[in-house]
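Taking it in order: structure first as structure tokens, then the write-up.
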Amino acid sequence: MQAERFYRRPFIPLTIALMAGIALGSAAPGYGSGALALALVCSLGIVRCLIRRAPAAVYPLLLFIALGYLSLQPWVHPRLPANHVSRFINSGHWRIIGVVDARPLEFETRTKFVLRVECLERGLEAHEVTGLLRVTATGEATTLDQGDRVAIHSRIRSIRNFNNPGGFDFKRSMAYREIWGSAFIEGQELNLLENQVESGLLGLIDRVRSAIARLIDQAGLGSEAAVLKALVMGDQSGIAPDIRQAFTRTGTSHILAISGLHITIVASIAFALFRWLLSWIPIVLRYAWTRKGAAVLTLMPITLYALIAGFSPSTQRALIMVAVFLLAFLVERETDLMNTLALAALGILAVQPASLFSISFQLSFAAVLSIVYGLDRMQAARSEASPDLEGRATKIRRGLLVFFGVSLAATWGTLSLGMYYFNTVSVIGLLANCVAVPLMGYVVVALGLVATLLAPLSAEAAVAGYQISGFVLSKSIALLELMAALPYAAVRTVSPSIVEMALFYLLSWAAFHLATGRTLAADPVPNAPATGWVTSAGDPSHAMPGHLRRFFFQTVRSSTPDRKAAAAVLLLCLIGAGADAGYWIYQRFGRQDFRLTLLDVGQGSAVLLEFPGGATALVDGGGFGDMAAFDVGANVVAPFLWRRKIATIDTLVLTHPNSDHLNGLPFIAANFHVRSLWTNGESRTMPGYAGLMQTALERAIAVPRFADIPRQTAINHAHLEVLYPPADFLGRVEDDRWRRDENNNSLVTRVSLGEVSVLIPGDIMRPAEMELVALIGDQLKSTVLIAPHHGSRTSSSEEFLKAVAPQAVFISCADRPGSGIPHPLVLERYERHGARAYRTDRDGAIQLTSDGRRMAITTFLNAD
């Protein structure tokens, strides 16, 4: 009986088991033989139970765990052929010939596309190869379509992560798309060899999408045209940054990505229309096929919509999920939505196991699961009440409450995931969704699709339809922008851990389950006062208000096992949440040691200082030359800080205004509570510097003059010193020509706690090193040195290293073979001076922890 109860909704436990196996396959790959053996044993066990007519509760779960594990191994441990393109990584420049595998993504300053490689050529050497490359073309590039044959000249590089704790595993995400290499080119280096027209269904879909895009452009909608393309055909590439920011701040970004919401909306409209039409056909009514017929017919428009939308992975998942719901009408009299949702997830993961790690998959199913479960519980609670005759006003009010409840459930269900992935909570998200979903999701999408259907009959009618859609869309966007402009429309949050996310969902389930459960009779509770606080010794509910104590005893004494389980889960989650909060409060503010982390930001530098008692400083923020192409502050530094529960930076330090130290800081200044910004006072006419100073002005961040920066600051037994440049360095630029290189004017700092110290010299080169040694040579001695100028041969002179005498050197550098950074001669020099070198390109992030007497150095990749 217990097995029958457990498998009352069979797809739920089986789907959870499959998910567990896939997650295990990602966390601990390489044990395929053991998983295969487990699958065989479980299969034999199931056969044995079937023969003996005995329950097999455990075997199916273990079987699906093993199958989930095995299904992911081709991605985490692939067996690539000998002529795979990944075999030629870091083998020099090639002329790479291939076919554009998917529709390119065009941005303001770059174009990205996936190339299915066919041939590599270099002089007389040629190789026929297979595999996919991720190509990024910067600047203006030839317009490409899927199926075009092109040639590029580039090195083949490996896919590389920024190896920091809690960082995004970009390499694995590319592996899940079967992409194992990358290439970077200038736009003019892209040669179109053959403009092919893709044949078959895919070619037809691509031509239809291009025709729709041209008609939308003809409608003259302005900036709304890009949003309409996103809603109708899934193309988000042209959306202006300010409009995208408005969607982000209002918590409505999900509307721009065609997923479960859009497919469900189209399905609901089509189902209602087909059901109404079929109700006029007598034979359909006679056989009670109005719902079933409507469900079958609805498959056509949602499939057409998915194809027009580009049939991306998120759209495929949404189509499968909605199709399963519709087909359930054919086989079940009463649809079990929770079981059907689990079946949809099971089908998707069986075909694409890596979908489990997709953000869109997680958000879609979290939202739908919350809605389905919430409606199911509310329906069960309502069914226990005595039915009353409802008038039209009551039905309208109930419909509005259901719509509000659906928005609330979706928002609450995705809250934790949104904090984890985007570190943003929209305070007005619920209100904004109540505006955006009906206007954009229903009206604009419906009008846009009607206009699309009219296109084969009349291009003029289609353009007119798009203009009407654009009018509604413009008003909707204006409302969102008005909401987004409110001061506290959205707030930045630190990142929850996996444990905290689990506690959140378990706590939400338990509280909602108890709140919507059957109302218990008011059993008298011994010695329970009606009001006030109860503090009896030995009472498990002591220090509870009287009404809470009565609820506690009523729940525990209930004969319903699931309510007892929910109460137990609620209590355990509250205890766990308290313990977790205590742990992080201690980590942030209770520790009395000093921690320094040199982040892996590629070719650049970013150093986080965590002082005893919780004060923080960030010395530089890394950065690339083109901030629009990749913002290191937003994508690397900020996620690391949020994972450490750091939302306040007491001091930002910009050593010098070079892009690889500067361009990550504007995002940090705009999205963290920053108290002060230290610079050497040397300004630069570059966007990153102007943006940083503008943000400091807008957010009232103190920016003292270089002469006013304290040369020594005591921070809870630790010390931060500013050693260089000299106070009058700007006035000596004309006399000292070497100062015209801003690297030599880097702000040099030294931080110490007890006997352990770290010198952070920025990018000073040999002339500045000589001056620094001459000025304060006796104060330079430090336990650890952050390599000046990333270990290039222009720095780390013999005299400088002799004065510093470090035991270890931390080098921030990118994985660029042949670049000379760090230079072999400099590495040899470090070794001669007895300093062990740690490198971010090989070791990932490097952390120093010290109590003032001893120090411990750890690396993210555990290279030692």
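Of the solvent-accessible surface of the chain, computed with a 1.4 Å probe and all protein chains present, 62% belongs to carbon and sulfur. Taken along its three principal axes, the alpha carbon spread of segment 245-307 comes to 53, 22, 12 Å, from the longest extent down to the shortest. By DSSP, the beta bridges lying fully in segment 694-801 are antiparallel in about 90 percent of cases. In terms of its Cα atoms, segment 745-864 spans 38, 37, 26 Å along the principal axes, sorted from long to short. Mean projected area of the Cα convex hull of segment 650-689, taken over all directions, amounts to 2.7 nm².
Below 8 Å between Cα atoms, with a sequence gap of 6+, how large is the relative contact order for the chain in percent? So the answer I get is 8 percent. Provide, for q = 0.10 Å⁻¹, the log10 of I(q)/I(0) from a solvent-free Debye sum over equal Cα point scatterers in segment 1-120. Reported log10 I(q)/I(0), two decimals: -0.55. Note that segment 120-208 shows a convex hull volume over its alpha carbon atoms of 155 Å³ per residue. If you look at the Cα atoms of segment 651-719, you get an Rg and a Dmax of 12.2, 39 Å. Calculated mean residue ellipticity at 222 nm for the chain: -14500 deg cm²/dmol, from DSSP H runs with n ≥ 4 weighted as -39500 (n - 2.57), summed, divided by the residue count and rounded to 500. Measuring nothing but how far apart in sequence close Cα pairs (under 8 Å, 6+ apart) lie, relative to its length, segment 54-147 scores a relative contact order of 26 percent. Where the centre of each part is set by its Cα atoms, how far does segment 270-286 sit from segment 67-117, in angstrom? Centre-to-centre distance over Cα atoms comes out at 49 Å. When trypsin sites (Lys or Arg not before Pro) are flagged only if DSSP places them in a loop and at most 11 other Cβ atoms lie within 10 Å, the longest unflagged stretch of the chain comes out as 80-332.
The magnitude of the dipole of the chain, with charges of +1 and -1 set on the Cβ of Lys/Arg and Asp/Glu and taken from the Cα centre, is near 3040 debye.
Sorted from greatest to least, the principal axis extents spanned by the alpha carbons of segment 653-777 come out as 40, 40, 24 Å.
Looking at the chain, what % of the alpha carbon pairs are farther apart than 51 Å?
Roughly 27 percent, rounded to a whole number.
Under 29 Å of direct C-alpha separation, and excluding same-chain neighbours fewer than eight residues apart, Lys781 reaches these lysines: Lys802. Looking at the chain, the accessible area is 48 square angstrom per residue; that uses a 1.4 Å probe and ignores ligands, DNA and RNA. Of all DSSP beta bridges confined to the chain, the antiparallel ones make up roughly 70%. When the GluC sites (Glu not before Pro) in segment 658-762 are filtered for DSSP coil states and for at most 13 other beta-carbon atoms within 10 Å of their beta-carbon, the remaining sites are Glu734, Glu755. Given a cut-off of 27 Å, name the pairs among Lys229/Lys292; Lys564/Lys645; Lys112/Lys229; Lys171/Lys645 whose C-alpha atoms lie farther apart than that in the structure shown. Where the Cα-Cα span goes over 27 Å, the pairs concerned are Lys229/Lys292; Lys564/Lys645. Per the Kirkwood formula applied to alpha carbons, segment 616-689 shows a radius of gyration over Rh ratio, Rg over Rh, of 0.94. Seen from a random direction on average, the alpha-carbon convex hull of segment 56-143 projects onto 9.2 square nanometres.
Taking every alpha-carbon pair under 8 Å whose residues sit at least 6 apart, segment 90-211 reaches a relative contact order of 28 percent.
The values are calculated or read from the model by the stated rules, or taken from the named source; none is laboratory data. Bear in mind the structure is a predicted one, so any value in this text is a computation, not a measurement. Every residue, glycine as well, gets a Cβ built from its backbone with ideal geometry; the counts of neighbours run over all protein chains shown. The area values use the complete protein model at the heavy-atom level, side chains included, leaving out ligands, DNA and RNA. Shrake-Rupley method; radii C 1.70, N 1.55, O 1.52, S 1.80 Å.
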